[in-house]
Every structure is written in C-alpha cells, then in structure tokens.
Amino acid sequence: MITEAMRQHGVFSWNELMTSDVAGAKAFYGELLGWTLTDMESSCGNYTMVKAGDREIAGIMTTPAEMQGMPPSWGGYVTVDDVDAMPAQVERLGGKVLAPPQDIPDVGRFTIIKDPQGAMLMLITYFKQT
C-alpha cells in the first residue's frame, strides 16, 4: 500500500532485495528480524512483500535475467515528483542513467541511476491511486 508519506519528494520510500536465493533470504530475514513475508504474483514474477508489524516496508525478488551475475543486494527507492525529468538532471550533474524510466504496473514509474561516485539508486514516482 502506497502511503502519503511515501509520496514525498526526496524520501526513501521502498527497499528491495534482489537475490538468487529468495527462499534462503526469506528464512534468514524472517527469523532474524521477525518480518512477516507474503508471496504474491507481480509483473516481474514471484514477489515477496515484507512487513514489520502491520507496515509494508520492502520486497524480495529473484534477480532478473538481465541482471544475472550481479551479487545479491538491497536497493533503495527514493520518491521524486517526476521520474521522467530525472535522466536529464542526473546526466547534467555527472551521473549516469542505467535504466530509463519505465512502469511497474499498478505501482509507478522508476529509473535506475548511478551517481558520479558509482553508487546505484532507484528513483520512483508512484501512480495516483483511484
């Protein structure tokens, strides 16, 4: 569920683990942190929603085919007012766009960027809920 707090420009609004071993990650983090884990279908295949208490805080997914070979890693999403305006700003500031803005059905539009120091980050604009 997308909350108003998640829509604020410049805030970290979501976290996501991409891994080759979803079952292992679920067992580890579920026990370590007491998270509730719920599997669901999504546009990217199986997806696990992560809850701390009654709040959705993250997702866990299998590393997509186009990213195979990448080590398992957590990534953060930062909300922006207009994700489609970000690539030009990223490049003007010396960064690089790794994936152009694209839709996550029923969620929003996101892009993956790399800052001038080489750190990756996802930027997202959530769709308005009707």
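Key figures for this structure:
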{"item": "Max mean-square fluctuation residue, GNM over the chain, Cα-Cα springs under 10 Å, options Met49, Met67, Met120", "result": "Met67"}
{"item": "Chymotrypsin sites (Phe, Trp or Tyr not before Pro) restricted to DSSP loop in segment 69-130 with at most 14 other C-beta within 10 Å", "result": "Phe127"}
{"item": "Label point distance in nm, Glu56-Ala99, each placed 7 Å from Cα along Cα→Cβ", "result": "1.8 nm"}
{"item": "Alpha-carbon centroid distance for the pair segment 1-18 / segment 46-107, whole angstrom", "result": "10 Å"}
{"item": "Residue (of Tyr126, Ala25, Ala85) at the positive-pole extreme of the chain, dipole from beta-carbon charges", "result": "Ala85"}
{"item": "Scattering profile of segment 5-126 at q = 0.10, 0.15, 0.21, 0.23 Å⁻¹ [log10 I(q)/I(0), Debye over alpha-carbon scatterers]", "result": "-0.32, -0.73, -1.31, -1.45"}
{"item": "Relative contact order of the chain, pairs being alpha-carbon contacts under 8 Å that are 6 or more residues apart, as %", "result": "24 percent"}
{"item": "Label point distance in nm, Val107-Asp39, each placed 7 Å from Cα along Cα→Cβ", "result": "1.8 nm"}
{"item": "Relative exposure of Lys128, Lys114, judged by other C-beta atoms within 10 Å (fewest first)", "result": "Lys128, Lys114"}
{"item": "In Hz, Karplus ³J(HN,Hα) per residue of segment 81-97 (6.51, -1.76, 1.60; θ = phi - 60°; x = Gly, Pro)", "result": "5, 9, 4, 5, 8, 6, x, 5, 5, 4, 5, 4, 8, x, x, 9, 8"}
{"item": "Residues Asp84, Asp54, sorted so that the one with the fewest Cβ neighbours within 10 Å comes first", "result": "Asp54, Asp84"}
{"item": "For Ile60, Ile124, order by how many other beta-carbon atoms lie within 10 Å, fewest first", "result": "Ile124, Ile60"}
{"item": "Note, ³J(HN,Hα) from phi for segment 45-53, Karplus 6.51, -1.76, 1.60, rounded to Hz, x at Gly and Pro", "result": "x, 5, 9, 10, 7, 10, 10, 10, x"}
{"item": "Degrees, to the nearest 10: 22-33 long Cα axis against longest axis of the chain", "result": "80 degrees"}
{"item": "Size of electric dipole in the chain: Cβ of Lys, Arg +1 and of Asp, Glu -1, about Cα centre, debye, nearest 20", "result": "240 debye"}
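Since every read-out is calculated from the coordinates, none of them should be taken as a lab result. Predicted model, so just to flag it, every value in this text is computed and none were measured. Reconstructed Cβ throughout: ideal geometry from the backbone, glycine too, with neighbour counts over all protein chains shown.
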